[in-house]
Amino acid sequence: ELTRKVYNLTKKAGFDKDFGLRGQIQNAAGSSMHNIAEGFDSETNPEFIRFLRYAKRSCTEVQSELYVALDQQYISNDEFQDVYDHAGRTRAAIRGFIKYLMAYEKGKG
């Protein structure tokens, strides 16, 4: 969902011509999704957790790049807030999953 929202934003006039920012924010959104998928295929929970942490950081990167897009007036305040909040909820969900996996690993010992 986050990736879809970001790609839709980057199709807007102005944003679509800023190849640097467009590429960065698209890569960050995609990285979040891809790291979750790659981590899911891990052999161990600690390795999965490592990839989830990368995914969480990518959500933060999306939020940072949204500020640049807003400053450049590529997106409206409402668009900014919608995607910023979605990235925050995604990050929180990932953080919760990391905590769950860490507790599970701790309980195994």
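Values in this text are rule-based calculations from the coordinates and carry no lab data. Model, not experiment: these values are computed from the prediction. Glycine gets a Cβ as well: all are built from the backbone with ideal geometry, and neighbour counts include every protein chain shown.
Pairs of lysines in the chain whose Cα atoms sit within less than 29 Å of one another amount to 10, provided the residues are eight or more positions apart or on different chains. Can you compute the FRET efficiency between R50 and L21 using 1/(1 + (r/R0)^6), with r the Cβ-Cβ distance and R0 = 41 Å? Round to the nearest 0.05. With R0 = 41 Å, the Cβ-Cβ based efficiency is 0.90. Between the amide H of Y74 and any residue lying 5 or more places away or on another chain, no distance stays under 5 Å, with hydrogens modeled in the peptide plane.
Given that compact globular proteins tend to follow 2.2 N^0.38 Å, what is the ratio of the alpha-carbon Rg of the chain to that value?
Rounded to two decimals, the normalised Rg is 1.18.
In this calculation the C-beta distance from R57 to D78 is compared with R0 = 35 Å, giving a FRET efficiency of 0.85.
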